[in-house]
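Read the figures in this text as sums done on the coordinates, not as results from a lab. Just so it is clear, the structure is predicted and the values come from calculations on it, not from any experiment. Cβ: placed from backbone, ideal geometry, glycine included. Neighbour counts: every protein chain shown.
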Amino acid sequence: MPQGKRAGERCVQLLPDFRCAIFGQPGRPAVCASLRPSESMCGANREEALAMLSRLEMLTRS
């Protein structure tokens, strides 16, 4: 996303099944490639992860 991604905006590379379309490719943004998810960041399951992500996006909206 050359212009960046705003909080709450879906990444253009996110597939319908929530996988990254460019995972492992050289063009993948450094911020994505360096992300090291942990249970403290993502919770114990998908529902907790999405709730945490929603909260982070709300807190970082400009």
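Brief remarks follow.
- Checking each residue in segment 15-58 for being under 20 Å from P2 (Cβ atoms) and touching a helix residue (DSSP H, G or I) at 6+ places or on another chain (Cβ under 6 Å) picks out no residue at all.
- Hits in segment 7-29 (condition: at negative phi, hydrophobic (A, V, I, L, M, F, W, C) and assigned to a loop (DSSP other than H, G, I, E, B)): A7, C11, V12, L15, A21, I22, F23
- Candidate set: segment 30-62, residues that are in a loop (DSSP other than H, G, I, E, B) and free of Cβ contacts under 8 Å to residues at least 24 places away in the same chain; chosen: the one surrounded by the most Cβ atoms within 10 Å (Cβ to Cβ): G43
- M1 being surrounded by fewer than 12 Cβ atoms within 10 Å (Cβ to Cβ) and in a loop (DSSP other than H, G, I, E, B): yes
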